[in-house]
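K.L.:
Pasting a structure here, questions to come.
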């Protein structure tokens, strides 16, 4: 069996920026163990698997270690592949995933995804989180992940967290964020428990970041930067129960997997 595979840099307009994701096109679902083995072999933060359905596409995401319930950059990469290579006609793609349906719309050189909002709730800042981050945040909130909010972008850039300690916390991942100097807000994302020490550009974290910053800044439309070494750029809009997350994507390679 030969399976088409693509690698796409998402949330960036340049090669070697943003977050690389693999996109594998399947005629039908393969056993979960095979999907996980392919993701481990790719050794990228996420591998997306896409299956054609009637009027839509099935979509699942795997890190090298586990399947995840939502992934932004690999969804963006999947839409880029399907549009760019003629598997889907613009302007919209519907993806069916375990949580329902995600829609991606092509708008110029941007791909805009409509994701469910995950607004955070205030939480306690405990000693274990401070020790893991090596710094004390101004606020802590919890949704799917812990969100630690700092005063300045400089503090976010200076963080050198203890990843082993973060993996031991009672959370899937830790988001750190602060007001931006040249954008509305900045963030970083650490998920060592899922085999992702620091994710370069994370769409799903903005399901929590956008409701938080929209309420704090009093604006619906937000420009965000993720301050990893590769840096990601996201254009977001708070839409109540939904969050629109848009970005660019650049194809790096294409080939075939032989099973």
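The values are calculated or read from the model by the stated rules, or taken from the named source; none is laboratory data. Note that this is a predicted model, so its numbers are computed, not measured. As a convention, Cβ positions derive from the backbone with ideal geometry for all residues, glycine included, and neighbour counts pool all protein chains shown.
K.L.:
Please name all residue pairs, on different chains or six or more residues apart, with Cβ atoms under 6 Å, provided the first residue is in the range 172-186 and is at pLDDT below 95 and the second residue is in a strand (DSSP E or B) and surrounded by fewer than 23 Cβ atoms within 10 Å (Cβ to Cβ).
P.N.:
Close Cβ pairs satisfying both conditions: none exist.
K.L.:
Another one. Got a number for residues in the range 124-147 being farther than 25 Å from residue 239 by Cβ and within 23 Å of the chain's Cα centre (by Cα)? Show your work before the answer.
P.N.:
Residues of the range 124-147 that are farther than 25 Å from residue 239 by Cβ, as a first pass: 124-138, 140.
Still in the list and also within 23 Å of the chain's Cα centre (by Cα): 129, 132-133, 137, 140.
Residues that pass the stated criteria total 5.
K.L.:
Do you know which residues across the range 172-182 are in a loop (DSSP other than H, G, I, E, B) and surrounded by fewer than 19 Cβ atoms within 10 Å (Cβ to Cβ)?
P.N.:
Here is the first cut: in the range 172-182, the ones in a loop (DSSP other than H, G, I, E, B) are 172-173, 180-182.
Once the filter is applied, which keeps residues that are in a loop (DSSP other than H, G, I, E, B) and surrounded by fewer than 19 Cβ atoms within 10 Å (Cβ to Cβ), the range 172-182 yields 172, 181, 182.
K.L.:
Of the conditions (1) closer than 28 Å to residue 221 by Cβ; (2) in contact with a helix residue (DSSP H, G or I) (Cβ under 9 Å, 6 or more places away or on another chain); (3) touching a residue at least 24 places away in the same chain (Cβ under 8 Å), residue 29 clears all except one; give me its number.
P.N.:
So the condition that residue 29 fails would be (1).
K.L.:
Anything in the range 2-30 that is farther than 19 Å from residue 40 by Cβ and not in a strand (DSSP E or B)? List them, or say none.
P.N.:
11, 12, 13, 14, 15, 16, 17, 18, 27, 28
K.L.:
If you check residue 158 against the conditions, is it surrounded by fewer than 23 Cβ atoms within 10 Å (Cβ to Cβ) and outside the structural domain of residue 63 (by TED's automatic domain parsing)? Outline the logic, then answer.
P.N.:
Working: surrounded by fewer than 23 Cβ atoms within 10 Å (Cβ to Cβ): yes; outside the structural domain of residue 63 (by TED's automatic domain parsing): yes.
Considered against the rule, which asks whether it is surrounded by fewer than 23 Cβ atoms within 10 Å (Cβ to Cβ) and outside the structural domain of residue 63 (by TED's automatic domain parsing), residue 158 comes out as yes.
K.L.:
So which of 49, 62 is within 11 Å of residue 23 (Cβ to Cβ) and in contact with a strand residue (DSSP E or B) (Cβ under 7 Å, 6 or more places away or on another chain)?
P.N.:
Values: 62 fails: within 11 Å of residue 23 (Cβ to Cβ).
It is 49.
K.L.:
Being surrounded by fewer than 24 Cβ atoms within 10 Å (Cβ to Cβ) and in a helix (DSSP H, G or I) is the filter here; which residues of the range 191-206 pass it? Full working, then the answer.
P.N.:
So in the range 191-206, the residues surrounded by fewer than 24 Cβ atoms within 10 Å (Cβ to Cβ) come out as 192-198.
Correct list: 192, 193, 194.
K.L.:
Also, I was wondering about something else. Which numbered condition trips up residue 128, out of (1) crowded, with 16+ Cβ neighbours inside 10 Å; (2) at negative phi; (3) modelled with pLDDT of 95 or more?
P.N.:
(1)
K.L.:
Exactly one condition in (1) in contact (Cβ under 8 Å) with a residue 40 or more places away in the chain; (2) within 19 Å of residue 214 (Cα to Cα); (3) part of a loop (DSSP other than H, G, I, E, B) is not met by residue 113; state its number.
P.N.:
It is condition (3) that residue 113 fails.
K.L.:
If you take the residues in the range 88-104 that are assigned to a loop (DSSP other than H, G, I, E, B) and touching a residue at least 12 places away in the same chain (Cβ under 8 Å), which one is surrounded by the most Cβ atoms within 10 Å (Cβ to Cβ)? Explain how you work it out, then say what you get.
P.N.:
From the range 88-104, those assigned to a loop (DSSP other than H, G, I, E, B) are 88-91, 98-99; that's our starting set.
Adding the requirement that they be touching a residue at least 12 places away in the same chain (Cβ under 8 Å) leaves 88, 90-91, 98-99.
Working: 88: 21, 90: 12, 91: 12, 98: 11, 99: 10.
Looking at the filtered set, the residue picked out is 88.
K.L.:
Given the conditions (1) within 25 Å of residue 220 (Cβ to Cβ); (2) modelled with pLDDT of 95 or more; (3) in contact with a strand residue (DSSP E or B) (Cβ under 7 Å, 6 or more places away or on another chain), report the number of the one that residue 166 does not fulfil.
P.N.:
Result: residue 166 passes all but (1).
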